[in-house]
Amino acid sequence: MVQIESFIPRDKPKSWCLGIISAFVGLLIAGPIMFAGAYFKIGEVKVIGTYIFVFCVAFFFLMWLIFIVRLASGKYKIIEDRDWKDQIW
């Protein structure tokens with residue numbers, strides 16, 4: 001039987017994982033939607049893509065702010081492999 005590994009690393013905090021995921025969603029999904037709306041001159045699609053992109057960027061900065069503050073305070077010195085629900089922020 002084949003066991004499928006999760007693409008979310010088990011040795012990283014939740015804030016790091018969510019920051020990376022939101023950056024990828026913003027760049028790989030929202031960005032092309034925004035540019036497609038601008039290229040085809042469909043204003044609603046461009047606005048939707050822009051809103052999603054701005055939300056992803058804002059969420060990215062929030063998660064990375066949490067990550068940097070906790071990294072500087074020493075919370076991540078001893079981080080262990082854990083399931084997602086048990087991992088620290």
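Show the residue pairs meeting these rules: Cβ distance below 7 Å; 6+ apart or different chains; first residue within the stretch 1-28 and touching a residue at least 24 places away in the same chain (Cβ under 8 Å); second residue part of a loop (DSSP other than H, G, I, E, B) and of a type in the set (S, T, N, Q).
From the stretch 1-28, the pairs are PRO13/GLN87; LYS14/GLN87.
From the residues in the stretch 62-89 that are under 22 Å from SER6 (Cα atoms) and of a type in the set (Lys, Arg), which one is surrounded by the fewest Cβ atoms within 10 Å (Cβ to Cβ)?
Out of the qualifying residues, it is LYS85.
Having 1 or more residues that are touching an Asp or Glu at 6+ places or on another chain (Cβ under 8 Å) is the bar; report the helices (runs of 4 or more DSSP H) wholly within the chain that clear it. Step through it out loud before you land on a result.
On the way: elements: 14-25, 31-39, 43-73.
Here the list reads 31-39.
Given the criteria more than 17 Å from TRP16 (Cα to Cα), touching a helix residue (DSSP H, G or I) at 6+ places or on another chain (Cβ under 6 Å) and modelled with pLDDT of 95 or more, does ILE52 qualify? Walk me through how you get there before you give the answer.
On the way: more than 17 Å from TRP16 (Cα to Cα): yes; touching a helix residue (DSSP H, G or I) at 6+ places or on another chain (Cβ under 6 Å): yes; modelled with pLDDT of 95 or more: yes.
Taking the combined requirement at face value, the residue satisfies it.
I need the full set of residues from the stretch 1-37 which are in contact with a Gly (Cβ under 9 Å, 6 or more places away or on another chain), surrounded by 14 or more Cβ atoms within 10 Å (Cβ to Cβ) and among the small types (Gly, Ala, Ser), in order please.
ALA30, GLY31, GLY37
The values are calculated or read from the model by the stated rules, or taken from the named source; none is laboratory data. The structure displayed is predicted, hence computed values, not measured ones. Cβ: placed from backbone, ideal geometry, glycine included. Neighbour counts: every protein chain shown.
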